[in-house]
Structure formats: C-alpha cells, structure tokens
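To keep things clear, I will list the structure first and then write my remarks on it.
Values in this text are rule-based calculations from the coordinates and carry no lab data. Please read all numbers here as calculations on a predicted model, not as lab measurements. Every residue, glycine among them, receives a Cβ derived from its backbone with ideal geometry; neighbour counts consider all protein chains shown.
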Amino acid sequence: MAASFFNNKARAAAIASSSSKPKAGDNKEDSSRLQPWVEKYRPKTLDDVAAQDHTTNVLQRTLQASNVNHPAPNTWNNEITPTSSLTCSSTDPPGTGKTSTILALAKSLFGPALYRSRILELNASDERGIGIVRDKVKNFARAQLTQPTGLDAAYRAQYPCPPFKIIILDEADSMTQDAQSALRRTMETYSRITRFCLVCNYVTRIIEPLASRCSKFRFKMLDTSAAGERIGNIAEQEGLQLEDGVIDTLIRCGDGDLRRAITYLQSAARLVGATKPPAAKDADDDAEMTDVGSNSSVITVRSIEEIAGVLPDNILDSLVEAMQPKSGGSVYEAVSGVITDLVADGWSATQLVGQLYRRVVFNEAIPDIQKNKIVMLFSEMDKRLVDGSDEHLSMLDLTLRIAGVLRGN
Amino acid sequence: MALLVDKLRPRTLDALSYHPELSDRLRSLAHSGDFPHLLVYGPSGAGKKTRVIATLKELYGPGVEKIKIDARVFQTTSNRKLEFNIVSSVYHLEITPADVGTYDRVVVQELLKEVAQTQQVDLSAKQRFKVVVINEADHLTRDAQAALRRTMEKYSPNLRLILLANSTSNIIAPIRSRTLLVRVAAPTESDICSALHLAGKKEGWTESEVLNKRIAKESGRNLRRALLMFESIYAQNEKVTDKTLIPPPDWEALITLTADEILAERSPARLLHVRARLYDLLTHCIPPTTILKTLTFKLVARVDDALKPDVIKWSAFYEHRIKLGSKVIFHLEAFVAKFMRIYESYLMGMDF
C-alpha cells in the first residue's frame, strides 16, 4: 500500500475496486436499473473525467500536494493552492463535466466514510436565498471538524482526508446578488476549516468580490472523440448493441452536451428493450434473439433521432427542394404544402429552424451575400418562437422568405 | 346523449385504429415495469389524450376509468386563494395547471409533492407509482417547469409524469432531456376516412364515401373536428348524398365574409366595418391567433402568387405582435390595414 501512496492512478484503481464490491444483491440491482445512467456513470475519480485535461491535471496536483503535506496539516493549509475554487465555463453548453469533476474530486479527497460529514452540496432546485446562506451554509461552515473513529491507516492511505469541509454550490450563477454578497464574509472567516466550490455556466454572473476570492477553472467543450469513447463505454457495460453511426448521431443530437447524449441513449435502450419481449414471443423460433441476454436488440440511428425529435432527412430534402426558385410562378404552393404536413405530423418548429439552419448555412452552393440575408431571418425567427408565436405561420414565413432570398430579391 | 367523439373514443390500445407501431411501443413500455416519464406531443385532434388514457388502462387495468372530480383550494404566497379542479382515479390524477395562469407553479409544487410523498396504498395495484397527467404542458410558465425538474428526479419511485403538449418548443430543455419524447402525428386523410366509415357503420347511418373524403380534407387532418363535422351533417340533413354541403362553423363563415369584404374594397370606411366584425369574433371568444391565421389563409388563397409571401410575412409579423402586446384588436386591425395597402399598391402596379 505504501508504494501506491503517491500514485494517484493506483489509488483510483483501489477506489474503483472497493466501490464495485457492494454492488451485489437483487435489491441493489433493481434500484440501479431505475437510476438514470447519467448518475450511474458519473465519473468516480478524477482520472475518469473525460477530456478536461488541464483542469484535472491541476486538481490532481492539488491532491498530490495534499498528500505530501498530510502529516503536518497546519502548514498544508497555507500551501494548498485554491482557497476556494470556482469552476466555470463561460460560454459552453451544459453537460461538459463541471459537476462531475468536482464530485469526483470530493470523493477522492474524503472517501465514503467522511463524504457525508464533510461535503454540503446545494443546487439550484434547493432553496438558496439569502436566508439559507445566512443559516444553513454558515452553520455548516463554522461547525468544527469531526474526527471519525475507526479509520485505519489503509483508509488514510487511500484518501488524503484533508482537514477541511467543502461546500459545493452548484449552478451558482442562479443565486441572487444578495445571497452572493452574504457569502463573501463567510468564505473568508471560516477558510481555515471550510472551502467553497462554486460551479456555474456564466462566470460574469458571479459578483466580482466572490470571483476574486476563488481560483478559476475553465472547462472547455467536450471534443467528439472523448465523448464518443465515453458513450461507447456505457453501451458496452449495459450490453447494448449499437448500429454503426449511432454514437456519432448521439453526439450530434446532444450538441456537445454529454448528459443529453447519455439520456437519449438510455431512452433508446428502454424503447428497444421494451419492444423486444412481444417480438420474442411472436417469433419463438428466432432462437438467437432469446439467447443473448436482456437488452440484445440493436439500437438504430433512426430510433435515436426519433427520441431526440430530429426531423428525418427526406422531409428536410423535400422542404429544401420546395424552396428552390422555380422557372415559372411562385414557390408558395409547394412550400406551404410541405409546411402544412410538417405541422400536422407534429414536428417542433425550433428543431426545424435548427436543422434548416445547418442545411442552408453549410451549403456551398448558396452565395455568401445571400447567406448573410438568410442568417438574419433565422435570428428573427428564433426570437419569435421563443416569444411563443404561432409555429405554423412562423415556419411558413421563414421558408418563404428564404425562398425569396434564394430567388435573388 | 354523448357526442360521437366521446362515445366512440377507443378505450384500449388495441382499439386504436392508426399508428400501430406507436401503440405497440406504448404497450411494451407499460409492461416493462420501468415506465419512464413521457412527453406526448402532436397537433390537436391527433389522439394524444386517447393514447394516454389507453396506456393508463394498460398500466393499471379498468380501475383508471372510475374517475371523480375534486375542487381543491390552494393558497399563494400573497394569500390569494385559488380554486383548482383535479380529475382523479385511485391510480392517477389529471390536471391542467394552465387554468390558474401565472400561479401554476404553486399548484405544481404543492400538488405533486403531496402525491409524490404518499405511497400507493392499494397493495393489489399493478404498479407502485402513481401517474400525474399534465394537460397543456406547453402553457406552463418557466417557473413551473423549473419546479417540475427537481420533482421528476427526486420522487421518481412514487411518481411518473405524462406531459401533453402541442409542441416541444415551449418546453425547457432540462424537462425534454428527462422525458421520453413521444410524437403523435395527425392521422392521414385516409385514416380519417376509415374512422368516419367505422363511426357511420356503428350508428347505422347511410354514408357516402365522397362526402367522407371531403370531410377529411376539410378537417385539416384533425380527427376530432372531422367527427364533429360528420355528426353535425347527419344531424342537419335528412338524407345525405355526395353533394351535401359541409356547413362551416359560424366563426369561419364570418371570417370568409370578412375576407371577401377586404378584397372587394380597400378604404378607411371598409376598415372601420371590418373592425366591427373583428370585435364580434373576439367577443365570441375566438382566439386572436385563430382569427389571424384563418383570415390570412383565406386571403392568401385569393391573391396573386407574387403577393403571397408578403401577406404571410406580415401575418407572421402581427401574430408575433399579438403575443407580445396587450390589446389584440390593434394588431388584427393593423394587419388588415397593411394587407389593404399592399394589395392596393400591387393592383395599381406600384412598388411597395
């Protein structure tokens, strides 16, 4: 054990093996089946966090540092880099792993025995007004550390257990200004025994005095290969069979948001797993179907797109075709026909706007000057849809105006 | 006597006449034991509600059909009392939070928490969870949707939600990513024809196929509307032939008349006249969007091709204004005035 003392990789492996042990018994299995996969496959250690190398490296080093200084907790306090850390990503979509990273860090710092007493996690759905900051947060922050009994040396070797508590404020940018200012003094006064960790999407929404008390970590958008690897992993562990291109589709539909991609995958697995039993009953002679475990049906690209509400390509094709300028007369009849069908089939206008945008803007055949005009139309339409305008009229207007631009006036 | 729409509504998944794949999928979801939250969306009259009720029956058996209506009183933070109707059976609840306008958050929070915190009492029940059906989920305010978000995760052992919406556009992304999206497309015209045929046979009415086709076309792929039209035709005529007229609803007739008047004369005097008509429609509780849309499509059908994109453009523009503004008559009138102007300048050969 002593050899792996300084080795984070080995420690991570030890955690993984120890945490996988208690997962036996029917009851546990049942609850994990009902658990969202996003929670189930949240990274357990910093090494598992996908594609945020810079941030995890810094945090790893922090961990290592805490480990080295562990025998002398007092000096440690002054040396550790972040007083409080502020994890943020300024313009990125959600689902890049901010919360996952910080939870993984907390887990590898304290381990299961201390986790409950040392971590306070609050997110936007909990009440977080100024009252809570003054009351709950402050009380937790000033509570003295408890030294749990019965922690043997092996546990201490695995987890550094630094002498402070961590308060994680998830989605901190949705806290009110007042609540944030109430935090200021609390953060400083109890910094000896409590560290704060704020997680937010927009660092600009955190008031300056708070931001200056924190060291900041920026999370970049997940690149596709890392995200794909992760999804592939999950699919493998769940025993799913994926058609070629499913992973790419998931990433595309998720728009860089890994959480969304995983949720889509789970829904698809449910549907496929769900539609399977009657099929197996109908075709009993189909022996291979019944042999290969529970979730053996193949997930197709189309089923993912259907779950994500993505319009199939042939509908878009017909729409684009209808918008092309005709030699004689107007495009109105063709376009309005397609749009009426779209509305009757229940496709969502926001989805159409997004997909049409990609189609038009990345189309090399359209001259740039026309694209300029078209992009302005998209901007206006998005605003209208957010304001709750009628979808039928808006879609018709958008497509007719694009057709007008394509015709050249 | 019940209307055809209610009397002939299919009660089980097997009785549904179109979208067989969707019915299969819902049935297997109901049997899988791992029933997810659902977001069912599609245009009105496509059969969303019918499918949901059939699914519930598949989940719990015939017990869901014994429903009662409760009136509950909720208190807002500002001590206002809200009366709210809940349709419920032993196994499920059905609510329309949009009824209470901006206070829907209070209802959603209190009611759902209450339901979620009590376990299913009936031990012989097939499922451990209760289902809450939320109608018109796309009319929920942002606050109410945000409140749903946490409830969906926290209480998932005791509670499943089925949201019904016309479009997913107004539903916030976190909710969309927590639910299984189920799209119910409108029935095709031939689907409607066969539904009408069945209805006619059950009632023992002599029917004509040509008329059925015309009704299907007229209804705009809305099955509820088609059935209502079908019934009203048979109620009004002794003998029904291929050529029987389909009487349009009163408001639609009035809008057609208005469109004729607008096209016939473009002058301030006529605008004033049209204004009275618009007021008439509004006082009869026809939604302004419906008025504007119907009027637009009536007008568009009768103007020159070159003018059509412009009419649509301004119609969409003023529809947006209606949503943002507070007094709808301004915008309806502005649309009529704008239309008169572009139509007039087009006829005069001027550039507009």
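Data for the structure
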item: Virtual paramagnetic centre 7 Å along Cα→Cβ of B:Tyr346, amide N under 19 Å, in segment B:282-302; result: B:292-302
item: Theoretical gain in end-to-end length, A:Thr340 to A:Thr176 [0.36 nm per residue, Cα-Cα removed]; result: 54.6 nm
item: Fully extended contour minus Cα-Cα distance, from B:Leu82 to B:His31, at 0.36 nm per residue; result: 14.6 nm
item: Ranked A:Lys371, A:Lys107, criterion: other C-beta atoms within 10 Å, fewest first; result: A:Lys371, A:Lys107
item: Chain B - percent relative contact order, Cα under 8 Å, separation 6 or more; result: 15
item: Exercise: per-residue mean of other protein chain Cβ atoms within 10 Å, B:314-321; result: 6
item: Normalised contact order of segment B:97-235, rounded percent, pairs of Cα under 8 Å and 6 or more residues apart; result: 20
item: Inter-label distance, nm, simple model (7 Å from Cα along the C-beta direction), B:Arg302/A:Glu364; result: 5.0
item: Ranking of B:Asp34, A:Asp341 by count of other Cβ atoms within 10 Å, fewest first; result: B:Asp34, A:Asp341
item: Computed E for A:Arg156/A:Thr189 - FRET, C-beta separation, R0 25 angstrom, nearest 0.05; result: 0.30
item: Per-residue mean of C-beta atoms belonging to partner chains within 10 Å, peptide B:16-26; result: 1
item: Simple spin-label estimate for B:Ala173 and A:Asp387 in nanometres, 7 Å along Cα-Cβ; result: 2.3
item: Exercise: per-residue mean of other protein chain Cβ atoms within 10 Å, A:137-145; result: 0
item: Simple spin-label estimate for B:Asp143 and A:Ala226 in nanometres, 7 Å along Cα-Cβ; result: 3.9
item: Spin-label zone in segment A:195-238 - amide nitrogen under 19 Å from a point set 7 Å from the Cα of A:Ile130 along the C-beta vector; result: A:206-211
item: Residue order, fewest to most beta carbons within 10 Å, for A:Glu238, A:Glu188; result: A:Glu188, A:Glu238
item: Expected 222 nm ellipticity per residue - DSSP helices of 4 or more, -39500 (n - 2.57), all of chain B, to 500; result: -16500 deg cm²/dmol
item: Share, in percent, of DSSP beta bridges within segment B:84-193 that are antiparallel, nearest 5; result: 20
item: Choice from B:Ile322, B:Ile162, B:Ile246 showing the highest fluctuation, given a GNM over chain B with Cα pairs closer than 10 Å; result: B:Ile322
